[in-house]
Amino acid sequence: MSSLNTALKMFKKLLDKGQLDRETDSDLFLEFRNPEVRQALAEMEEELDFQIVEASSTLYLVPAGGNSLLGFTNKDFREWISSDARLADAYLLTYIAMYTLFLFYGGKKQNPKQREFLRLSKLLEELDQRFASLTADVEQALVLEEKYSLNFIRIAELWESKQGFEEKSRKTKAGTVLNVWRLLERESLIRILDNEREIRPTRKLDDLMLNYYLNDNRVTEIVGLFQGGEEHAAPEPHSDH
């Protein structure tokens with residue numbers, strides 16, 4: 001089999017499953033060490049705007065930001081919510097997903113992972129506090145909007161307009177969070193447990209966060225986004241144990 005054919009076979013496997021494991025596809029996994037195969041894959045990465053991330057015994061396909069072919073778009077998020085979802089709904093889901101990951105991996109030490117599980121009640125409490133602070137401090141919210149090109153005030157208002165009781169309708173806060181969790185679970189990034197009251201990260205999420213997403217620059221940017229400057233810093237998240 002030629003190097004190009006091998007690279008195409010690997011790419012197809014990555015497209016189908018999002019990952020290629022040494023345990024189940026040992027021959028293909030080892031071909032990643034072949035310089036000619038790596039070169040063919042590198043050309044695909046550049047042309048199709050994605051990156052292959054190697055983490056211990058698994059390869060993952062990671063689309064670049066804004067990749068409408070392989071990644072998620074606002075339209076995808078809106079369709080996931082409902083047929084009549086607005087752009088603000090998609091932004092709210094995106095924010096909740098990002099904040100969920102921050103609570104897991106927002107540590108500043110060498111190992112940024114700071115908890116093994118997250119309760120629904122804990123995340124609802126954190127989001128209530130965060131969105132309340134944004135609506136209470138419009139000036140700070142506008143600073144964040146300017147920096148990150150995201151309408152934080154509108155997102156906070158949308159969150160606060162939702163019913164607070166724990167019913168699993170998308171019109172409630174709990175239902176909105178569960179919608180995010182189900183999307184993350186569909187991508188094999190988390191496991192939803194305890195009758196949808198708790199989540200735990202998968203090995204795939206650990207691999208991607210610790211080997212790709214959380215380089216030093218990204219950690220600084222993520223902490224800046226969710227702490228909003230030292231004078232507005234949120235309390236350091238702690239373990240739920």
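The values are calculated or read from the model by the stated rules, or taken from the named source; none is laboratory data. Here the structure is a predicted model, which means the values were calculated and not measured. Virtual Cβ from ideal backbone geometry, glycine too; neighbours counted across all protein chains shown.
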- Query: Quick one: which of Leu205, Leu178, Leu225, Leu184 is hydrophobic (A, V, I, L, M, F, W, C), part of a helix (DSSP H, G or I), modelled with pLDDT under 60 and surrounded by 15 or more Cβ atoms within 10 Å (Cβ to Cβ)?
  - Reply: Leu225
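Return yes when Lys113 is surrounded by fewer than 17 Cβ atoms within 10 Å (Cβ to Cβ), over 20 Å from Asn195 (Cα atoms), at pLDDT 80 or above and in the same structural domain as Asn211 (by TED's automatic domain parsing) and no when it is not. Before you say what the answer is, go through the steps one by one.
Values: surrounded by fewer than 17 Cβ atoms within 10 Å (Cβ to Cβ): yes; over 20 Å from Asn195 (Cα atoms): yes; at pLDDT 80 or above: yes; in the same structural domain as Asn211 (by TED's automatic domain parsing): yes.
In short, yes.
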- Message: Can you pull out every residue in the stretch 119-144 that is free of Cβ contacts under 8 Å to residues at least 24 places away in the same chain and surrounded by fewer than 17 Cβ atoms within 10 Å (Cβ to Cβ)?
- Response: Glu125, Ala136, Val138, Glu139, Leu142
- Glu116 fails exactly one of (1) in contact with a strand residue (DSSP E or B) (Cβ under 8 Å, 6 or more places away or on another chain); (2) free of Cβ contacts under 8 Å to residues at least 60 places away in the same chain, namely (2)
